[in-house]
Structure formats: C-alpha cells, structure tokens
1. Among the residues of the range 338-348, are any assigned to a loop (DSSP other than H, G, I, E, B) and more than 23 Å from Ala231 (Cβ to Cβ)?
2. Name the residues in the range 102-115 that are open to solvent by less than 10 Å² (accessible area, probe 1.4 Å), in contact with a helix residue (DSSP H, G or I) (Cβ under 8 Å, 6 or more places away or on another chain) and part of a loop (DSSP other than H, G, I, E, B), would you?
3. Considering only the range 246-275, state which residues are within 21 Å of Ser234 (Cα to Cα), hydroxyl-bearing (Ser, Thr, Tyr) and assigned to a loop (DSSP other than H, G, I, E, B).
4. Suppose we filter Thr394, Thr375 for residues that are open to solvent by 10 Å² or more (accessible area, probe 1.4 Å), under 30 Å from Leu167 (Cα atoms), among the β-branched types (Val, Ile, Thr) and in contact (Cβ under 8 Å) with a residue 60 or more places away in the chain; which single one remains?
5. If I filter the range 222-233 for residues that are outside any loop (DSSP other than H, G, I, E, B) and free of Cβ contacts under 8 Å to residues at least 60 places away in the same chain, do I get at least one hit?
6. Identify, by number, the condition in (1) surrounded by fewer than 22 Cβ atoms within 10 Å (Cβ to Cβ); (2) in contact with a Leu (Cβ under 9 Å, 6 or more places away or on another chain) that Glu143 doesn't meet.
7. If the requirement is being among the hydroxyl-bearing types (Ser, Thr, Tyr) and either surrounded by fewer than 16 Cβ atoms within 10 Å (Cβ to Cβ) or within 19 Å of Gly296 (Cα to Cα) (or both), which of these qualifies: Thr159, Thr194?
8. Filter the range 259-272 down to the residues that are of a type outside the set (A, V, I, L, M, F, W, C) and open to solvent by 20 Å² or more (accessible area, probe 1.4 Å), then identify the one that is farthest from Ile293 (Cα to Cα).
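The values are calculated or read from the model by the stated rules, or taken from the named source; none is laboratory data. This is a predicted model, so every value here is computed, not measured. As a convention, Cβ positions derive from the backbone with ideal geometry for all residues, glycine included, and neighbour counts pool all protein chains shown. The area values use the complete protein model at the heavy-atom level, side chains included, leaving out ligands, DNA and RNA. Shrake-Rupley method; radii C 1.70, N 1.55, O 1.52, S 1.80 Å.
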Amino acid sequence: MRATRMVSSVLLLVLMQSGALCARRFRGGRNPQPRRAPPSPTHRADRGDTTESFPLDFTAVEENMDNFMTQVKNLAQSLYPCSAQKLDNDMKLNFLKNTSVTCNDGSPAGYYLKESRGSRRWLIFLEGGWYCFNKENCDTRYETMRRFMSSSKWPHTKTGTGILSPLPEENPHWWNANMVFIPYCSSDVWSGATAKTEQNFYAFMGSLIIQEVVKDLLNKGLDNAKVLLLAGSSAGGTGVLLNVDGVAELLEGLGHTGIQVRGLSDSGWFLDNKQYQCTDCGDTASCAPTETIKRGFKYWGAVVPERCRQTHEGEEWNCFFGYRVFPSIKSPVFVVQWLFDEAQLTVDNIQLTGQPVQEGQWRYIQNLGTELRNTLKDVPAMFAPACLSHEVITRNYWIDVQVKGTSLPRALHCWDRSLQDNRNNKAPPKACPVHLIDSCPWPHCNPTCPTIRDQFTGQEMNVFQFLMHMGFDVQKMAQQQGMDPSKLLGMLSSGS
C-alpha cells in the first residue's frame with residue numbers, strides 16, 4: 001500500500017507539472033503534437049518526425065520498483081518540455097580504446113551505444129553476416145561486403161529496431177535498457193583471436209572485440225549493472241553461444257561479481273547435418289556446414305569455450321554447433337530458432353526459388369524440422385516457430401510471431417522473471433511459458449509466421465499458396481496425416 005501511494009504521488013506530480021507546461025504552450029497558440037502511432041514497416045523513415053510516447057508498464061510495480069521509477073523518470077523527460085523536439089534515440093559510434101583489436105582489414109573495431117540513465121540493465125547485440133574461411137573467399141567478401149570486414153565507412157549513428165528499439169510499443173520489456181550494437185567486422189563467427197601480420201593478410205579478432213567492448217563499457221556505467229544480456233542473430237547468435245561464459249568470467253575476474261550475465265541466441269543454432277546434394281566447397285553458401293567450420297576454425301585461430309574444447313578435444317570445431325556446445329554453457333541462455341531456417345537450408349543446398357521443390361527436397365525440409373526439434377527438446381528456455389525465415393529479434397515484426405499463443409517478447413519476459421524468482425527462491429510464475437516449440441510438420445504451418453512474398457511477382461502468399469508453390473501434394477499429405485483432403489485444404493486456407 002505504501003509503495004502504491006508513493007507511485008500515485010509521483011505520477012500525479014509528473015503529470016501536473018507537464019500538464020501546466022503544455023497548457024502554457026497551448027495558450028500561446030501552438031498546436032499540440034499528435035500521439036505517435038505504432039510503427040509501420042512502410043513508414044520506418046518517419047520515426048524522427050514525431051514526438052515519442054512512453055506508455056508505462058504497470059506490471060513492473062509489483063515486480064521491480066526500481067524499474068518502475070525509471071519508467072516514471074523517462075515519462076517526465078519525454079514530457080518536459082512539451083515541444084516537438086526530437087528525442088535522441090540513436091546509438092552513437094565509439095571506437096575501442098585498445099587500438100590493437102581490429103576489424104579484418106586492420107581498421108579500428110568499435111560499437112554503437114545508447115545509454116539509458118537510471119537503468120541497470122544492459123543489452124549487448126552481436127551482428128550476424130556469414131563468414132569467410134580462406135584468403136580467396138575473404139578477398140571476394142572484402143570486395144562485395146566490405147562493411148563486414150572494415151569500419152572505414154560505418155555511419156556515426158544507428159537506429160535500434162526490434163529488441164534494440166527504444167520504443168515501448170515495439171520493444172515492450174527492454175525498451176529502456178542501455179543498448180549496445182557491435183558491428184560484425186571479423187568474419188569469424190565472433191571466435192577469432194588472430195592479429196593481422198605480414199603472414200596473416202586479415203585479422204580475425206571477433207572474441208577479442210567482445211571482450212574489449214565489455215571493458216570499455218565498464219567506464220560508461222556497466223560496472224553498476226544488474227543484468228547484462230548478450231544477444232545476437234545468425235553468426236551473432238552462434239557468437240553468443242561461444243562467448244557468453246567468457247563475458248561472465250571476464251566480469252567476475254575484474255571483480256564485478258554482482259552482474260547477472262545471460263545469453264539470447266537468435267538463428268544461430270545450426271546443424272552439422274548432411275547436405276541434400278553434395279557440392280564442391282567453393283564458398284560459404286555451397287560448402288557443407290562441417291567443412292566450412294573445420295577450415296574456418298584453423299584459418300581464424302578460433303577460441304571456443306574451455307569446457308566444450310575439453311569435450312571435443314581434437315575436433316574443437318564441433319563447438320560451433322548449438323546442440324554440441326549448449327551442454328557445456330554455464331550461463332542462462334534463451335534460444336530462438338526457426339524450425340525451417342533459410343540459412344540452414346541454403347548451406348544444405350535446398351533452393352526455394354524458381355521451380356517447385358521435388359518430393360525428395362520436400363521430405364528433406366520436413367526432416368530438417370524434425371531434427372531441429374530433437375536437438376532443442378532439452379533446452380529449458382527456447383522459442384521455435386515452424387516458419388521458413390532467418391533472424392527475428394531485431395525485426396519490427398518480432399512482437400507478432402507466436403508459438404502456442406505466446407509471443408517472443410512475452411516468452412523472454414517470462415524467462416527474465418523465472419530467473420529472478422530462482423534467485424529469490426520463489427516459485428516460477430504461472431501461465432508464463434519459456435519452452436515453446438511448434439509441433440506442426442511443415443514450413444509456415446504457424447499462421448503468425450512472417451509474410452512470404454512470391455520471388456517473381458512480389459505479391460504476398462498465404463500458407464496454402466506458398467505450399468502449392470513449393471509443390472505440396474494435398475492428397476498425399478492428408479493421407480499421411482490421416483485426414484480428409486478437403487479438411488486439410490480448409491485448414492491450410494484459413495491458416496490453421
């Protein structure tokens with residue numbers, strides 16, 4: 001009751017002060033700014049032209065008074081003064097203090113930072129973007145994808161989206177955290193520790209970049225953090241699995257034992273499975289997953305977690321595959337993985353453009369979903385929709401995808417609460433699931449999957465149109481599922 005009265009008083013004071021300021025502005029003849037509508041994918045560029053809103057998350061009152069008061073402060077800052085001034089929500093570029101830790105071409109590595117005064121939660125995001133594993137394909141990468149190997153043309157600011165967004169309507173539970181985006185410029189799945197020399201034409205220092213960013217951030221408020229969430233997508237998601245314990249050990253070694261380090265791996269849980277069709281190992285897209293990692297591991301001078309290294313001594317490259325490294329990880333990790341990941345299908349030589357897929361390809365795709373389910377079944381915190389896609393946590397539609405009626409932001413919030421309750425010896429919250437995996441057997445059988453567009457016409461396709469485009473046999477599938485074809489057709493057409 002006392003806390004509630006205090007909150008009411010603070011809110012009343014904030015709103016009265018801001019209301020008086022606004023009234024003075026309006027009496028002067030100035031028109032008020034309209035309330036910002038939820039973001040639309042087709043109007044992303046307009047974000048800076050509207051006044052930001054900060055709705056309060058009242059569930060925080062009962063769970064975390066510090067977090068709630070941070071929201072009140074942010075509300076006050078957003079309302080004072082009541083003008084059309086643009087809030088500075090962009091992350092700003094910082095280069096590492098340790099200039100010996102570099103991108104592939106020797107240019108300085110760095111990170112983007114948006115501080116959130118009053119918040120003790122930090123989110124560090126590792127960018128993805130494939131990799132290269134010998135001088136020839138690294139040379140090609142440098143010519144065609146230079147921003148993934150050099151910082152020479154990085155912009156001075158970056159706008160966060162998805163879980164990096166500062167907007168509560170796009171990022172319900174992490175919007176007011178301190179946001180850090182580390183650009184991927186090491187081409188080594190965040191694993192390398194090799195400097196550029198006369199013999200080594202490129203530097204591969206991904207694991208060292210992460211360590212140096214964390215050290216730099218300690219002087220910018222990270223030393224006072226309660227929670228550090230190391231997140232990443234694609235190669236960055238694999239980088240989380242490889243580095244989350246290393247970050248925890250670094251902070252502990254520097255005396256910061258009170259910071260809770262956690263991991264969030266998005267689309268980085270790759271399988272070392274057999275390709276649908278074996279091809280020559282010319283580049284990262286056509287080479288078998290195990291072969292590229294074997295070659296890269298040696299070329300990068302890669303570092304893997306010590307416990308995993310001991311388990312796979314002599315074959316340390318195994319630690320790049322999620323289901324092999326996960327049992328050795330001590331830090332809590334939440335895994336997000338599409339069951340029909342486009343990058344996995346690409347390296348498995350399944351092409352989903354042009355002609356409808358053959359029966360053998362279709363069977364391979366379904367088996368991939370089954371294999372992924374099997375590797376994820378013992379992961380305590382995970383979100384695995386039966387969708388054909390790649391990466392999600394920095395997409396603006398990340399709040400829309402659901403598994404069994406629960407959205408990804410909700411699942412992450414439940415995970416956050418369960419970890420907090422475990423520390424406080426409380427029972428886990430009810431009706432708050434953290435282990436979510438689709439059971440339907442084909443791509444996009446989940447009606448909340450991201451929209452698919454026809455590669456040639458650009459038009460949206462519903463689930464049924466997409467499956468027919470892929471050569472889906474309704475009659476045969478109905479027989480396999482033991483149901484009437486017309487019933488299956490109706491389910492697909494309605495998105496069931």
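1. Taking every residue of the range 338-348 in turn, at least one turns out to be assigned to a loop (DSSP other than H, G, I, E, B) and more than 23 Å from Ala231 (Cβ to Cβ).
2. Within the range 102-115, Asn104, Ala109 meet the criteria.
3. Ser267
4. Unique residue meeting the criteria: Thr394.
5. First, the residues of the range 222-233 that are outside any loop (DSSP other than H, G, I, E, B): 222-224, 227-233.
Cutting the leftovers down to free of Cβ contacts under 8 Å to residues at least 60 places away in the same chain gives us 223.
There is at least one residue in the range 222-233 that is outside any loop (DSSP other than H, G, I, E, B) and free of Cβ contacts under 8 Å to residues at least 60 places away in the same chain.
6. Going through the list (1) surrounded by fewer than 22 Cβ atoms within 10 Å (Cβ to Cβ); (2) in contact with a Leu (Cβ under 9 Å, 6 or more places away or on another chain), Glu143 breaks only (2).
7. Working: Thr159 fails: either surrounded by fewer than 16 Cβ atoms within 10 Å (Cβ to Cβ) or within 19 Å of Gly296 (Cα to Cα) (or both).
Checking each option against the conditions leaves just Thr194.
8. If we take residues in the range 259-272 being of a type outside the set (A, V, I, L, M, F, W, C) and open to solvent by 20 Å² or more (accessible area, probe 1.4 Å), then Gln260 is farthest from Ile293 (Cα to Cα).
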